[in-house]
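**Q** The structure under discussion is supplied below as structure tokens; questions concerning it will follow.
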Amino acid sequence: MDLLTFARGPALQAAFTIFLIGTFWRLLGVLLLRRKLDHSEPRQPALAGAFKGQIAHLWPYQPFASRVMASYLLGYAFHIGLVVVIFFYLPHILFIQDLFGVSWPALPHAVVNAVGGITLMALVALLVKRLMNPVTRLISNFDDYFTWFVTVTPLVTGMLAVAQVGARYETLLALHLLSVALLLIWFPFGKLMHAFFFVAARATTGMIFERRGTHS
Amino acid sequence: MSGDVSDTTELQPLDLESSRVSVQIPAVRYDQQGEMSDDERIGIAMRNFVKDFGRVAAIYMESCVHCGACAEACHYYVQTGDPRYTPIWKLEPFKQAYKREASPLAPVYRLLNLKSKVTVKQLREWQELIYDSCTMCGRCTMVCPMSIDIATLVGLARHGMFQAGLVPHELWAVAERAKREGSPLGATAQVFEDRVDWMGDEHEVEMHMNEDQADYLVTMSSIEIQKYPESMAAIAKVMNAIDASWTFHSDGYEATNFGMLSGNAEWQKAMTVKIIETAIKVGAKAVILPECGHAYGALRWQGANQYGKPLPFRVMHVSEFLAELVTNGRLKLNQVDRSVTFHDPCQVSRRGGATQAPRVVLKALGVDLREMQDSAEYNWCCGGGGGVVTIHRADALRYKTFEIKMRQVNETGAQMLLSTCANCRQTFDDGQEHFHWDKTMHSLLELVADNIVETEQ
Ligand code: HEM
Ligand code: SF4
Ligand code: SF4
């Protein structure tokens, strides 16, 4: 079995299995914990806070805007960029169609390429910030850097494969798929889980403060 | 200042003459309590930290993306630029403990030793971050993209720290005194009764003490009893003006809760239950909480949970009570021709939801309200909350954070400075003295009491 076949087959399969089991394990391990009943008399029903919380924390409140806007913008640049590159690049859509039978229109290669470039730049900028800013340098740990690494490698290997730079296309493609496998394997163990947990966290705080008659 | 100030403990004498009340500056600091080995200490700290670890705290621990935004909302980081004051960093050993001991992946973390064991040395180092430099003001929650409520987690961390005997000297001393005497600052039941009498005479206002039955149980904070006793006359004037059936009660008068602030869950419960049982005994329809921030959180939002079931009476901060009275017309106020700025007590406003109440009252007073740049739920903490104001070694840092407040107040150009928390008020008094500032903090309740339109009833 050559590298590409291995990457395409067993590697991705195993990675996907670990991703699924791990993600469920970690989500359920937390979401199934007990939560004490709140006996305080609510000022208003709490439920709406679960939704408001999702929206409210999408964008910094005005008093904080000047201090955090740069990192919000970089964050949005690469998150949206990742979505575009992952879900609107034709070969990816074909891959998904192959697996699940669904498909949707792709964006032109040039657009995806440009977005990929922007995404990479935003991620590099955030890494530089992480290393230079005294706050993020202090609070960062292995997870932060390794998560960055496993997010950036599929992007870089994918772009190299498209440009056919550095090695044979098949080798680059195999590396790309292996890096995706690595991302999937790491996903449940590190902070990539924020992609799920953010909903729970915002809903939790949103409800607590809605109940009190304020917002989070 | 007159009136007898009691001090019943030789060991930790109170200093009731300074601009903020606490124990006197200790000659020797004891920031560690009890005799135990380091291993025991760490075991107890971690057990008690994870004891109340429900879903909420676990979700918070799992969600952080280490973006650092929270630092930008915290007065300690903003004023010093010291990254150690980053809110989430204040929880680092506890996060480490959670991941290693309690999270769904704990076995993996332990197996691969991804998180090392927390040490006592680490916790000693973190005492300053858990106590001296977090007022539990909750401002960081608002900036966090995940809305992680650091203040809640710091509260849990304090549970672990308290049981492990790792509480700052002064905060431990006042909490212990509150447990023993019923008040952290020497306002024992006897002192309270005496001072209520004294205020009744001084202001010629009828006081109600230990009535068998009353619609309203009125509580006080020991800071008011000892330092701002006029508050007691003020609330009595309001109550009498609306002809209410009300009482102070020596079985349940102290609304502050240093059990909560220091991290002793048992003491917190004991103090809360005292008020609840007194209110039930007198058949109160409502408990009126004083101008105190954390007292509101302790009874309004945590009280029923401490008690284990819903409370058979309403719990109102005095500003909410006043707002209701002016809204339904039971209390008529004179117009006050002054410009005013209002400092929101974090626990009442951002964390309590009673943000509009004082503004309703200010409107009824007809003042020209000039809001600070970041006001209401976005306000900056005075720097004295969470028990921080009691800790002498935190003074220098506290003054640094107080500079934000002075700047914001000055920018409004208002003639008068008001708030609805006696703890904020003493923090302002102390800051005023330190900086020789020309602004004095006043009480909204007292301003209201001074401007009641007497009607024939
Ligand atoms: C779908 C909901 C998601 C939300 C709301 C979200 C939100 C965030 C936020 C607020 C940050 C902090 C940005 C900063 O450092 O300033 C972050 C960081 C990050 N996110 Fe997401 N994220 C989501 C999904 C994802 C997914 C699916 C991935 C990857 C496949 C991802 C990868 C990353 C990475 C790598 C970082 C760290 C960047 C750094 O080093 O600073 N995120 N995310
Ligand atoms: S702002 Fe929230 S997500 Fe970001 S580092 Fe602080 S606690 Fe973590
Ligand atoms: S609760 Fe307030 S003092 Fe504590 S870390 Fe957050 S912003 Fe800072």
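The values are calculated or read from the model by the stated rules, or taken from the named source; none is laboratory data. Please read all numbers here as calculations on a predicted model, not as lab measurements. Virtual Cβ from ideal backbone geometry, glycine too; neighbours counted across all protein chains shown. For accessibility, only protein heavy atoms count, side chains too; no ligands or nucleic acids. Shrake-Rupley method; radii C 1.70, N 1.55, O 1.52, S 1.80 Å.
**Q** Looking only at helices (runs of 4 or more DSSP H) that fall completely inside region B:119-191, which ones have 2 or more residues that are within 14 Å of B:Ser222 (Cβ to Cβ) and among the hydrophobic types (A, V, I, L, M, F, W, C)?
**A** In region B:119-191, B:169-181 are the helices (runs of 4 or more DSSP H) which contain 2 or more residues that are within 14 Å of B:Ser222 (Cβ to Cβ) and among the hydrophobic types (A, V, I, L, M, F, W, C).
**Q** Every residue in region A:39-53 that is part of a helix (DSSP H, G or I), more than 9 Å from chain B (Cβ to nearest Cβ) and crowded, with 16+ Cβ neighbours inside 10 Å, please.
**A** Within region A:39-53, A:Gly49, A:Ala50, A:Lys52 meet the criteria.
**Q** Yes or no: B:Lys99 within 15 Å of ligand 2 (Cβ to nearest atom) and surrounded by fewer than 24 Cβ atoms within 10 Å (Cβ to Cβ)? Break it down stepwise before answering.
**A** On the way: within 15 Å of ligand 2 (Cβ to nearest atom): yes; surrounded by fewer than 24 Cβ atoms within 10 Å (Cβ to Cβ): yes.
Yes.
**Q** May I pose another question? Going through region B:309-318 one residue at a time, which ones are more than 20 Å from the chain's Cα centre (by Cα) and either of a type in the set (A, V, I, L, M, F, W, C) or facing another protein chain (nearest Cβ under 7 Å) (or both)?
**A** Across region B:309-318, the qualifying residues are B:Lys309, B:Pro310, B:Leu311, B:Phe313.
**Q** For region B:263-327, please list each of the helices (runs of 4 or more DSSP H) lying entirely inside it that holds at least 1 residues being touching a His at 6+ places or on another chain (Cβ under 7 Å).
**A** Helices (runs of 4 or more DSSP H) meeting the threshold: B:265-281, B:293-296, B:303-307.
For (1) at pLDDT 95 or above; (2) touching an Asp or Glu at 6+ places or on another chain (Cβ under 7 Å); (3) away from ligand 3 (no atom under 16 Å from the Cβ), each residue gets a yes or a no:
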| site | (1), (2), (3) |
| --- | --- |
| B:Thr119 | no, no, yes |
| B:Gln122 | no, no, yes |
| B:Met136 | yes, no, no |
| B:Cys140 | yes, no, no |
| B:Pro145 | yes, no, no |
| B:His169 | no, yes, yes |
| B:Lys179 | no, no, yes |
| B:Asp194 | yes, yes, yes |
| B:Asp197 | yes, no, yes |
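**Q** Taking the stated definitions as given, is B:Gly303 of a type outside the set (D, E, K, R), closer than 25 Å to A:Glu210 by Cβ and modelled with pLDDT of 95 or more?
**A** Answer is yes for this residue.
**Q** Oh, and also: Residues of region B:185-204 being touching a Gly at 6+ places or on another chain (Cβ under 9 Å), open to solvent by less than 10 Å² (accessible area, probe 1.4 Å) and of a type outside the set (A, V, I, L, M), which ones?
**A** B:Phe192, B:Arg195
**Q** So B:Val108 clears everything in (1) of a type in the set (A, V, I, L, M); (2) without any contact (Cβ under 8 Å) to a residue 24 or more places away in the chain; (3) within 16 Å of ligand 1 (Cβ to nearest atom) except one condition, right? Which one?
**A** (3)
**Q** Give the residues of region B:125-167 that are within 15 Å of ligand 2 (Cβ to nearest atom) and either assigned by TED's automatic domain parsing to the domain that holds B:Asp344 or closer than 19 Å to B:His392 by Cβ (or both), sorted by residue number.
**A** B:Leu129, B:Cys134
**Q** For region B:45-70, what are the residues that are facing chain A (nearest Cβ under 8 Å) and touching a residue at least 24 places away in the same chain (Cβ under 8 Å)?
**A** Residues of region B:45-70 facing chain A (nearest Cβ under 8 Å): B:53-56, B:58-60, B:62-69.
If the condition is that a residue be facing chain A (nearest Cβ under 8 Å) and touching a residue at least 24 places away in the same chain (Cβ under 8 Å), then B:Phe53, B:Val56, B:Ala58, B:Tyr60, B:Glu62, B:Ser63, B:Cys64, B:Val65, B:Cys67, B:Ala69 are the ones that fit.
**Q** A further question follows. Which pairs turn up if I take residues in region A:77-88 that are within 16 Å of A:Pro108 (Cα to Cα) and look for partners that are more than 16 Å from ligand 3 (Cβ to nearest atom) and open to solvent by 70 Å² or more (accessible area, probe 1.4 Å) with beta carbon separation below 7 Å, at least 6 apart in sequence or on another chain?
**A** Final answer for the pair search is A:Gly81/A:Ile118.
**Q** A further question follows. Grab the helices (runs of 4 or more DSSP H) fully contained in region B:1-86, keeping just those with 3 or more residues being modelled with pLDDT under 90 and crowded, with 19+ Cβ neighbours inside 10 Å. If you could, list the steps in order and put the result at the bottom.
**A** Details: elements: B:38-51, B:55-63, B:75-80.
By residue number, B:38-51.
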